[in-house]
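**Student:** Below you will find the structure I want to go over with you.
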Amino acid sequence: MSAAREWLKQARSVAVLTGAGVSAESGVPTFRGAGGLWKRQRAENLATPEAFARDPKLVWEWYDWRRTVLAGLKPNPGHYALAELEKRTPNFTLITQNVDGLHELAGSRNVLRVHGSIWMLRCLTCGSEQQDRRASLPEIPPRCTCGGLLRPGVVWFGEALPTAVWRAAEAAARSCDLLLVIGTSAVVYPAAGLAHLAKSSGARVVEINVAETPLSREIDEFLLGPSGELLPQLISPERARRNAAAARFDGTRMPRRPVRS
Ligand code: BV8
Ligand code: ZN
């Protein structure tokens, strides 16, 4: 942890790549973990343009269910620590594979959503995009004002990532001094390739995960543990110590909400 803290202090340009693991402590099921979304439904059957063409109602029932689950969830200390880091780093880019919007809810600003957002709907007929945060949609599948079929504003398997967003993500990985890779199994491409791009462009790469991934042996530092605990310790050790003391002090009752200056 101390080496990573030192690199963070020295870094002028920081990029972060996050996956489902950073939202796990908020209650968002990860994709491949226990109870993971894929366990219940095979990805090919749901998160592909072919599946949507075959049965838009089935695919929408799955996305509507995920939206309903997500609507009740809040960012965790890991999300807040990253928002804090952005405030004090001159050049900071947060690249997320998550479609849940929890980084933005925690106050992160420069967020590149390489796999889109579950809160955006796109019309297959007129192409218009609209944000819709209604927990469960009144009509499944939802229709556009033009009568066209709406689809979730996410990137499905076999689909290209949004060009401008992906270019910005590659540029951030190439130019950063330090890349933090947090809570991703690093198996979905091209997103997983950003770590190799950063490393080969001379950046230091630090990974935080509760388990090893295909990246863990190729990067500079692997920090084993939940990101909701390790990110505050890495980014604001003083505050993390105060919160831990406060939680310990309040041992009798539920830990108080973290103190945010
Ligand atoms: C494309 C949105 C081409 C939808 C998603 C190269 C090699 C092999 C395959 C390919 C390749 N290139 C392309 C492919 C195919 C494919 C792919 O990668 N397949 C994989 C499965 C092998 N990629 C694509 O199809 C991409 N498109 O290539 O298009 C193209 C190009 C031009 C023109 C036309 C086409 C598109 C990929 C995007 C798909 N959409 N999501 C939706 O959400 O419904 S991917 C989705 O799954 C997520 O966004 C995320 O990316 C991925 C899940 O991975 P993670 O987020 O990492 O989650 P996971 O559960 O796997 O792991 C959680 C991790 O957290 C674990 O490591 C766990 O240990 C850890 N963890 C758990 N708790 C904690 C924790 N860590 C810390 N703290 C904790 N508390
Ligand atoms: Zn339309």
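**Student:** To test your reading of the geometry: what angle, between 0 and 90 degrees and rounded to tens, separates the Cα axis of helix 56-71 from the longest principal axis of the chain?
**Tutor:** Helix 56-71 sits at roughly 30 degrees to that axis.
**Student:** Also: Rounded to the nearest Å, what's the spacing between the alpha carbon centres of region 163-213 and region 131-154? Just the number, please.
**Tutor:** If we compute the Cα centre of each part, the gap is 32 Å.
**Student:** Provide the per residue accessible area, probe 1.4 Å, for region 1-134, rounded to a whole number of square angstrom.
**Tutor:** Accessible surface, normalised per residue, equals 46 Å².
**Student:** Between N45 and K74, what is the label-to-label distance in nm when each label sits 7 Å out along the Cα-to-Cβ direction?
**Tutor:** 3.6
**Student:** Let me ask something else about it. Using only protein heavy atoms and a 1.4 Å probe, report how much of T145 is accessible, in Å² to the nearest 10.
**Tutor:** 150
**Student:** Between the helical axis of 77-88 and the dominant principal axis of the chain, each derived from Cα atoms, what acute angle in degrees is found, rounded to the nearest 10?
**Tutor:** Once rounded, one gets 70 degrees.
**Student:** Summarise the accessible area of region 51-147 (1.4 Å probe, protein heavy atoms) by the percent that is carbon and sulfur.
**Tutor:** In region 51-147, the share of accessible area belonging to carbon and sulfur is 51 percent.
**Student:** Please state, as a whole number in µm²/s, the translational diffusion coefficient that the Stokes-Einstein equation yields for the chain at 25 °C and 0.890 mPa s, with Rh defined as the Kirkwood radius across alpha carbon pairs.
**Tutor:** My calculation gives 127 µm²/s for D.
**Student:** R0 = 30 Å: FRET efficiency of H196 with N110, Cβ-based, nearest 0.05?
**Tutor:** The value I calculate is 0.85.
**Student:** Can you tell me which of 199-210, 56-67 comes out highest on packing, and rank the rest after it, using the mean Cβ neighbours within 10 Å?
**Tutor:** 199-210, 56-67
**Student:** When the chain is treated as a GNM, springs tying every alpha-carbon pair under 10 Å, which of R174, R54, R109 comes out with the largest mean-square fluctuation?
**Tutor:** R54
**Student:** Continuing with this model, one more query. In nm, what is the difference between 0.36 nm times the number of residues separating E218 and K9 and their Cα-Cα distance?
**Tutor:** Gain in length upon complete extension: 73.0 nm.
**Student:** Counting only other residues whose beta carbon sits under 11 Å from that of S117, what net charge do I get with K and R as +1, D and E as -1?
**Tutor:** Here the count lands on 0.
**Student:** Which order do the peptides 87-96, 228-237, 130-139 take when ranked by the mean count of other beta-carbon atoms within 10 Å per residue, highest first?
**Tutor:** 228-237, 87-96, 130-139
**Student:** By how many nm would the segment from A246 to T145 grow when fully extended, if each residue of separation counts as 0.36 nm and the alpha-carbon distance is taken off?
**Tutor:** 31.2 nm
**Student:** Per DSSP helix of 4 or more residues, -39500 (n - 2.57); summed, then divided by the residues of the chain. What does that give at 222 nm, rounded to the nearest 500?
**Tutor:** -11000 deg cm²/dmol
**Student:** If you don't mind, another one. Treating only the Cβ of Lys, Arg, Asp and Glu as charged (+1, +1, -1, -1), what charge dipole size does the chain show about its Cα centre? Round to the nearest 20 debye.
**Tutor:** Its charge dipole is roughly 680 debye.
The values are calculated or read from the model by the stated rules, or taken from the named source; none is laboratory data. All of these numbers come straight from a predicted model, not from anything done at the bench. Cβ: placed from backbone, ideal geometry, glycine included. Neighbour counts: every protein chain shown. Note: areas computed on protein heavy atoms with side chains; ligands, DNA, RNA excluded. Shrake-Rupley method; radii C 1.70, N 1.55, O 1.52, S 1.80 Å.
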